[in-house]
1. Counting every Cα pair in the stretch 64-198, what percent are over 26 Å apart?
2. Any chance you could get the radius of gyration and Dmax over the Cα atoms of the stretch 348-499, in Å?
3. Find how much the distance from Trp401 to Leu53 grows on full extension, using 0.36 nm per residue of separation minus their present alpha carbon separation; answer in nm with one decimal.
4. Over the Cα atoms of the stretch 553-675, how large are the radius of gyration and the largest Cα-Cα distance (Dmax), in Å?
5. With +1 on each Lys and Arg Cβ and -1 on each Asp and Glu Cβ, how big is the dipole of the stretch 411-550 about its Cα centre, in debye rounded to the nearest 20?
6. Note down the magnitude of the dipole of the chain about its Cα centre, charges +1 on Lys and Arg C-beta and -1 on Asp and Glu C-beta and zero elsewhere, to the nearest 20 debye.
7. Which value, in debye to the nearest 20, gives the size of the charge dipole of the stretch 580-675 about its Cα centre, when Lys and Arg are +1 and Asp and Glu are -1 at the Cβ?
8. In degrees between 0 and 90, to the nearest 10, how far off the longest principal axis of the chain does helix 305-318 point, with axes built from Cα atoms?
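The values are calculated or read from the model by the stated rules, or taken from the named source; none is laboratory data. All figures in this text were calculated on a predicted structure; none of them were measured in a lab. With ideal geometry, Cβ positions are generated from the backbone for all residues, glycine too; neighbour counts draw on all protein chains shown. Calculation scope for accessible area: heavy atoms of the full protein, side chains included, ligands and nucleic acids excluded. Shrake-Rupley method; radii C 1.70, N 1.55, O 1.52, S 1.80 Å.
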Amino acid sequence: MSPLGITLLMLLAFSGFTYLAARKLRIVASLQPEVRWDRPGARLYSVLTNGLLQQRMIRREWKPGVMHTVIFLGFMSLLLRKLQLIAIGYDETVAVTGLVGGLLTGLKDFVELAVLLAVGYGFYRRLLLKPARLEPNREGLLVLSLITIIMLTDFAFDGFRFALFSATDPAIAHERSFAVLGSAIATLVGGLPEATLQAGYHTSYWLQMVTVFSFLVLLPAGEHFHIVTALPALFFRRGAPANAVPSVDLQKLFADDAGDAEIKVGVKTAADLSWKDAFDAFTCTECGRCKDACPTFLTGKPLSMKWVNDGIKHHLVEHREAIIAGGKAVEELPALVPEVISRDTLWACTTCGYCESACPIELEHLPRFYRMRQHQVMMEGEFPQELKPVFSAYEVQGNAWGLPADTRGDWAKSLEVPVAETAEDVAGLDWLFYVWSAESFDPRGQKIARAFVEILREAGVKFAILGAQEPSTGECVRRLGNEMLFQQIAAATVETLNGFGVKKIVTCDPHAFNSLRNEYPEFGGHWQVVHHTQLIDELIAQGRLAVGKVQERVLFHDPCYLGRHNGEFEAPRRIIDRISKDAPLEFPLRREKAMCCGAGGGRMWMEEHIGRRINQTRVEQGLPLAPKVIATACPYCATMVGDGLKAVNQEEQVQSRDIAELVAAAIVRKEAAAP
């Protein structure tokens, strides 16, 4: 071959790769610090399972998952082959000998054939199937083409090499005896003139090596940089759902010695992003899986995690010099909102978390959007006008409805629900029933609270509510970016609940459940918090609550803050199964892939001005199953599903019911069951 030629080719390729990769990685290194190397064992385990073994990729959608896994593992296993080819550039007689060498040669043929089949499926998906999540992408087609060339030229090289040298070189003959496809090609071309064989031999070698090293240079230049950065991204991942909003250190912010430079909240410009935010943007594979059940994408709104990553990535590259320079240069950077992320995009997000749970390499989206909202609300005063009365209502009355706080317990007066007034009252309880605002003030939510009270009483649970003294969680205003208001509410809530000596809390609302469980420990709230479906499931299992099979054709809608954000998918389903005459129904988009009802992230209080309504779309996904009931486990979901049914004129045919309401209707009374 040519030692000089292969040396120059490698120098050019590695220099190009290093230069282009360094241009991006210097941006990453220049951004805000963030510790992402704690828990090294768990991080390495994720690299093994979801990186090297591709479990997350395959589990979500097996056909493209297997395709990608075959290509990825094929490339990993063929690295040894590329090292041999480099060695052949210096010495044509280099061959893999012995039994192990022979088996590796045979495996190489098998792997390359598998990769070709996977690439063929990739072309089929992009050119013929054209799933909605895959946008037209010339780089994707280019990469598939380059992989095809690498595989085909390697088969051709083996064929010409075996035809030329296997008769005279025992080591190469040994390789041929294991290389089934290469040997077959050698047999086909063996009768050609030697000059033709030499031309094919050299052409296939150099075409393959130029393609391989061109591919190497291409990686840091485009979206396929993820081939290099995906495994590190998995190592540096958060490793848990984004069920807690990033806090703002208000004490530091308003300290007497805080200068103007320190009064910064959230993310304004690219310089405020963390290094992990930028690393994620550069790592995004643009596979589009984040769109499959994204409520905004499916209803025609200008938001998907892929689009956000793409916008941030190009913005970082465009302003690279200023970001690296730092100091005064970053002060001239344009604001990310609305220059890169439109206001419609920022406020469209329901914070359902689907995009993060779907991403095969666990890229993160919600924390940066929370920080952008924090800056918009607290520093710019820029937010949808529908939110102004919501913030004002929370400031004055501690609830979004703006109703008098001292009427929180009025819904329960006719039921004679016990109200705890002292710590001694709370000490004698099994559970404090945290009612939350929706079930205290909204007529639809009150029905759920009444049904749950009926269940607790029938099961003999010692419970009480706090009535007018019940505080708010403020989780809604926190996800809308008003961190200052949230922390004021949180301080009051912790003081109240701890003052009552509360230890165990049950709530019907997944949003309150999530906030009390995952956010309040930071502010001193350490309680055992369960969702009402978990407690109902436990009561039935213990035999404290008897239910009959009275429901039919029940279709369950997973609340995002119960399922994806907190991993509870089974308790609601076990309950429905116990009260149903027939097999419970399931949405096509369910469990981890369930579509949001549209109310999360503060969207309950905002109108949808772009695209189709999310709740209507969600209801329409279930109507082909002909349900009689769409069951929910969240007061927001109950309202949104009910409104969705009205929008499609199905409210008479299909009921929207919380699981508590269904269970209350299925109770077998103790007095009725007695002989």
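1. Roughly 31 percent, once rounded to a whole number.
2. 18.0, 53
3. 120.3 nm
4. 15.1, 60
5. Values: 13 positive and 18 negative charges, 81 e Å.
About 400 debye.
6. I would put it at about 1540 debye.
7. Details: 13 positive and 12 negative charges, 42 e Å.
Charge dipole of the stretch 580-675: 200 debye, to the nearest 20.
8. Result, in degrees: 60.
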